[in-house]
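Okay, structure first, notes after.
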Amino acid sequence: MSTAEPELRLFRAGDEARTIAGFEQACGAERSLDEWAWRYPDSPEGRPVLLALEGGRVLAHLGGSPSRVQLDGRVLAAAQLVEPFVLPGAGGPEARALMSELLGAFVAELGPGRRFDLVYRIVARPDGSDTDIAGEGVRLPLPAAVELTRTKAGASPARRLAYRAEPARDFEPRLDELWRRVRGRYPAAVVRDAEHALVRHAGHPTEKRHRFLVLPRFGRRALAFASFARFGDECRWLDLVWDRAHPGALELVAHVSNRLARQLGAARERVLLGGDPEGCSRLGALGFTAVGEPLAMRLEVAACAPDIDLEALASHFYLTACDVEGS
């Protein structure tokens with residue numbers, strides 16, 4: 001980088017091409033305009049993306065994925081920090097200083113008192129090589145997340161026959177009622193209602209996401225929701241919410257997963273779950289086994305409203321694969 005101070009500012013319409021070019025150079029992966037727009041959907045408030053620019057090119061990027069986080073019944077407007085990058089050539093202290101400046105600008109423009117009550121990042125596999133972007137923020141351990149895999153399904157309990165599965169629509173109002181009924185079981189979690197499913201699981205330009213609702217055999221009340229996609233030779237569970245009063249509904253989700261894996265030609269199924277020991281236990285009884293040791297995941301909070309209990313947030317946070325996309 002040159003010695004001139006880069007310009008730090010929010011994303012503006014017209015920045016798309018330079019932002020994608022920076023991402024591809026920094027991350028070594030291609031990204032289409034359609035995929036970028038899906039990941040950072042426009043809104044009346046604008047896209048929560050901070051850029052560092054020099055001479056018309058993007059030197060560094062820090063994106064925010066808007067969501068609503070529930071904490072003990074309170075709903076917080078939140079931004080999960082995703083896809084932080086600095087162009088190659090800006091290494092060591094210089095890169096860390098630039099990312100720290102970018103984070104400070106993000107919080108000043110969009111943090112508490114402005115757009116988001118909570119600005120956070122989930123670090124999926126913290127180790128010595130991880131880029132710590134929390135600055136002077138708080139770092140807390142999350143409940144150990146378990147990766148489970150299955151190559152062959154065992155016998156499926158007969159009680160799953162009391163339920164039926166059907167494809168979920170892009171906007172699925174029945175998820176609102178499901179979330180209202182089960183949210184007490186998820187004291188700290190991203191709100192998983194119809195809006196969440198629409199933003200996170202519908203309309204991906206290149207990746208087919210298979211979404212299902214589970215209902216009683218003779219009834220219309222949603223008891224579980226799951227989203228799946230094929231990644232390589234795996235059928236991966238991207239999201240899950242279920243009514244724990246109906247273990248047969250989870251068993252039917254697992255049955256659907258196995259059938260879908262075969263239809264997709266996937267060699268195995270894979271699940272990531274954190275903060276749901278009952279779900280992990282029940283999936284273990286259905287033939288899923290743990291992949292290595294539980295993941296020691298971390299919550300980095302860059303900024304939050306003053307009355308948020310961060311210890312309670314971190315100690316009970318519910319995680320599935322969609323919560324760590326882009327982190």
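The values are calculated or read from the model by the stated rules, or taken from the named source; none is laboratory data. Since the model is a prediction, treat every value here as computed from it, not as a measurement. With ideal geometry, Cβ positions are generated from the backbone for all residues, glycine too; neighbour counts draw on all protein chains shown. What goes into the accessible areas is simple: the full protein's heavy atoms, side chains included, and nothing from ligands, DNA or RNA. Shrake-Rupley method; radii C 1.70, N 1.55, O 1.52, S 1.80 Å.
Listing for the model above:
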item: Carbon + sulfur, % of accessible area of the chain - ligands and nucleic acids excluded, 1.4 Å; result: 51 percent
item: Choice from V291, V58, V214 with maximal GNM fluctuation in the chain (Cα, 10 Å cutoff); result: V291
item: Phi-based couplings in Hz for the range 61-74 (Karplus 6.51, -1.76, 1.60; Gly and Pro marked x); result: 9, 9, x, x, 9, x, 7, 10, 10, 8, 9, 6, x, 8
item: DSSP bridge pairs, the range 215-327: antiparallel proportion in percent, nearest 5; result: 75 percent
item: Within the range 251-305, GluC sites (Glu not before Pro) in DSSP loop having at most 10 other beta-carbon neighbours inside 10 Å; result: none
item: For Q70, residues with placed amide H under 5 Å, excluding near neighbours; result: L76, A189, V190, V191
item: Mean-position separation - Cα centroids, the range 226-293 and the range 184-202, in angstrom; result: 18 Å
item: Given charges at beta-carbon only (K, R positive; D, E negative), |dipole| of the chain in Debye; result: 1860 debye
item: Rel. contact order, % - alpha carbon contacts under 8 angstrom, at least six apart, the range 191-327; result: 20 percent
item: J(HN,Hα) series, the range 6-20, from Karplus relation 6.51 cos²θ - 1.76 cosθ + 1.60, nearest Hz, glycine and proline x; result: x, 8, 9, 7, 5, 4, 10, 4, x, 7, 4, 4, 5, 5, 5
item: Net charge, D233 excluded, C-beta distance under 12 Å - Lys, Arg +1, Asp, Glu -1; result: +2
item: Surface per residue (accessible, 1.4 Å probe) for the range 198-268, Å²; result: 40 Å²
item: The range 32-72, accessible area per residue, ligands and nucleic acids excluded (1.4 Å, Å²); result: 38 Å²
item: Top of L98, L140, L33 by mean-square fluctuation, Gaussian network on the chain, Cα under 10 Å; result: L33
item: Relative contact order for the chain, counting Cα pairs under 8 Å that sit 6 or more residues apart, in percent; result: 23 percent
item: Relative contact order (percent, whole number), the range 26-70, Cα cutoff 8 Å, 6+ residue spacing; result: 26 percent
item: Net charge of Cβ neighbours under 13 Å - reference G248; Lys, Arg +1; Asp, Glu -1; result: +4
